[in-house]
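Each remark here refers to the structure printed beneath this line.
The values are calculated or read from the model by the stated rules, or taken from the named source; none is laboratory data. In this text the structure is predicted, and so the values were computed from the model without any measurement. Methodologically, a virtual Cβ is constructed for each residue, glycine included, from the backbone with ideal geometry; neighbour enumeration extends over all protein chains shown.
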Amino acid sequence: MLTLARNTNTRQPFFGRGDGELSQDAIIVELQRVTLEARSYEKGSLPLAKSILADQQALLAKIPRPRPEATVWLTSAQGMVALIDNNAKAAAEDFQLAVKEADALPVFDEAARLTFKQRLGFAYIRLGDGAKAEQTFRELILEFARVTGPESPSVLRVRLNLAQAYMIQNKNAEAVKEANAIYPAFVAALGPDHELTMQLLTTRAQSEGSLGMWNDAIRDDMSIYDLAVKKQGPLSFFAVATLSDASLAMCRSGRFPEGVADARKAFEASNKAFGPRAGLTGGVASTLAACLIGIDQLDEASKLLSQIDIPVVAQLAGDPDWGAGVKLLQAQIAYRHGDYKGAESYVHDVTPVFTRPNAEQYQRQSLESLVSQLDRAPK
């Protein structure tokens, strides 16, 4: 993973010699560093990125007429911080503006301009607009192929994004097919423990789980978890998220003792690293609750579900209907407690989501099973 060394001296000495702290070349380098730090997903990287961004904003404010390209890089850096800070709406607005500003500068590097557009596409993913993201990435594959060549790392990266856009639309078979097609190239070009290779394997694992390919999903998730722990530590985003995903696949496939233990481990790590209200922590809490329901530990499961900040998790997942999964778990708890009216109320709320043609297979089947049980319940 490409990161810059962390140190207290955030000025770049060569650029700074001519214009001092107001060197716009140095400021641009630091704004690019903001993006690298923010998207590293390492513990403490986002606060560091915010700090560097604030410093550069203050320096640019001292310059009467900053160069247009410096403003473009500032806008993009703001967008990346917003994206990692789980504010996809602000991120999309910043990236859209960066694309527009870069397009207006004939001398602006075309590959960089396309990278801003790529970040805009990923913001669409986080907003849950998979169709718009898919369209953006299809356009970018052609544009990057023209600029950098059809086999370039830039094209590979956008193909990863395309697989992610498939995934959030529940086009899981397409996502797995795309991931399988490009994974060998990622490993050959970047290595198995590069951030992008890990993201691709995560995408494949999640889609495999959605298709009920439990053993494949667990294999991929645990591979990423082991790599993330070695490279970034057990409290990193990748480590926590993939351990949680693996535990969900374990529990859904009936491997409850192992699944519950790993889900609890992931939940405790997320709480420690990111706090109880973070989107990742909420997602991991849902996984732990699902596993606990499987072994009839209903009170703890109910408490976990009640504490989730659903809008925050929904934005992190890029799924505006993510909360329906929580309600489905709450319906299962209500049924097991004998609260049939409560269960029916939850079922009523989630039926439109999980009866869609592209609904996740496991959740659709869970809903169908619960409806069948409620039909046989005492009236």
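Of all residues assigned to region 321-344, none qualifies as being assigned to a loop (DSSP other than H, G, I, E, B), surrounded by fewer than 23 Cβ atoms within 10 Å (Cβ to Cβ) and among the β-branched types (Val, Ile, Thr). One residue alone among Arg146, Arg159 is over 17 Å from the mean Cα position of the chain (by Cα) and farther than 21 Å from Ser244 by Cβ, and that residue is Arg146. Screening region 38-52 for residues that are under 22 Å from the mean Cα position of the chain (by Cα) and in a helix (DSSP H, G or I) and picking the one that is modelled with the lowest pLDDT gives Ser45.
Any residue that is outside the structural domain of Ala92 (by TED's automatic domain parsing), touching an Asp or Glu at 6+ places or on another chain (Cβ under 7 Å), modelled with pLDDT of 95 or more and of a type in the set (Asp, Glu) - is there at least one of those in region 221-239? Scanning region 221-239 turns up at least one residue that is outside the structural domain of Ala92 (by TED's automatic domain parsing), touching an Asp or Glu at 6+ places or on another chain (Cβ under 7 Å), modelled with pLDDT of 95 or more and of a type in the set (Asp, Glu). Does Lys303 satisfy being surrounded by fewer than 17 Cβ atoms within 10 Å (Cβ to Cβ), in a helix (DSSP H, G or I) and either touching a Cys at 6+ places or on another chain (Cβ under 9 Å) or charged (D, E, K, R) (or both)? Here the answer is yes, as Lys303 does meet what is asked.
Tell me yes or no: at least one residue of region 267-276 is over 22 Å from the mean Cα position of the chain (by Cα) and outside the structural domain of Phe122 (by TED's automatic domain parsing). No, because not a single residue in region 267-276 is over 22 Å from the mean Cα position of the chain (by Cα) and outside the structural domain of Phe122 (by TED's automatic domain parsing). Per the conditions (1) crowded, with 20+ Cβ neighbours inside 10 Å; (2) in contact (Cβ under 8 Å) with a residue 24 or more places away in the chain, the sole criterion not satisfied by Ala377 is (1). Residues in region 245-255 that are part of a helix (DSSP H, G or I) and farther than 19 Å from Ala228 by Cβ: Cys251, Arg252.
On the given criteria, is Asp94 buried (at least 21 other Cβ atoms within 10 Å of the Cβ), outside the structural domain of Ala205 (by TED's automatic domain parsing) and within 20 Å of the chain's Cα centre (by Cα)? In short, yes.
Taken as a whole, the structure places Gln199 among residues that are buried (at least 18 other Cβ atoms within 10 Å of the Cβ), of a type in the set (S, T, N, Q) and more than 22 Å from Asn358 (Cα to Cα).
Every condition in (1) touching a residue at least 24 places away in the same chain (Cβ under 8 Å); (2) part of a helix (DSSP H, G or I); (3) surrounded by fewer than 17 Cβ atoms within 10 Å (Cβ to Cβ) holds for Glu258 except the one numbered (1).
The single residue among Leu59, Leu53 that is farther than 27 Å from Phe238 by Cα and either of a type outside the set (Gly, Ala, Ser) or in contact with a helix residue (DSSP H, G or I) (Cβ under 7 Å, 6 or more places away or on another chain) (or both) turns out to be Leu59.
Beta carbons closer than 7 Å, at least 6 apart along the sequence or on distinct chains, pair a first residue in region 49-69 that is in the same structural domain as Leu36 (by TED's automatic domain parsing) with a second that is modelled with pLDDT of 90 or more and part of a loop (DSSP other than H, G, I, E, B) for Leu60/Pro66; Pro68/Leu105; Glu69/Leu105.
Taking residues in region 231-242 that are part of a helix (DSSP H, G or I), and partners anywhere that are modelled with pLDDT under 90 and among the hydroxyl-bearing types (Ser, Thr, Tyr), the pairs with Cβ atoms closer than 8 Å and at least 6 places apart or on different chains are Gln232/Tyr41; Phe237/Tyr41; Phe238/Tyr41. Scanning region 80-91 for residues that are touching a residue at least 24 places away in the same chain (Cβ under 8 Å), surrounded by fewer than 18 Cβ atoms within 10 Å (Cβ to Cβ) and either small (Gly, Ala, Ser) or part of a helix (DSSP H, G or I) (or both) yields a total of 1. The residue pairs whose first member lies in region 124-144 and is farther than 19 Å from Gly318 by Cα, whose second member is among the small types (Gly, Ala, Ser) and not in a helix (DSSP H, G or I), and whose beta carbons are closer than 9 Å, counting only pairs six or more residues apart or on different chains, are Phe144/Ser152. Take the conditions (1) farther than 29 Å from Glu42 by Cα; (2) assigned to a loop (DSSP other than H, G, I, E, B); (3) not charged (D, E, K, R); Pro192 misses just one of them, which is (1). Answer with yes or no whether Glu143 is crowded, with 21+ Cβ neighbours inside 10 Å, assigned to a helix (DSSP H, G or I), assigned by TED's automatic domain parsing to the domain that holds Ala175 and of a type in the set (D, E, K, R). No; evaluated as a whole, the condition is false for this residue. Do we have any residue at all in region 279-291 that's in contact (Cβ under 8 Å) with a residue 60 or more places away in the chain, on the phi < 0 side of the Ramachandran plot and small (Gly, Ala, Ser)? Yes, region 279-291 contains a residue that is in contact (Cβ under 8 Å) with a residue 60 or more places away in the chain, on the phi < 0 side of the Ramachandran plot and small (Gly, Ala, Ser).
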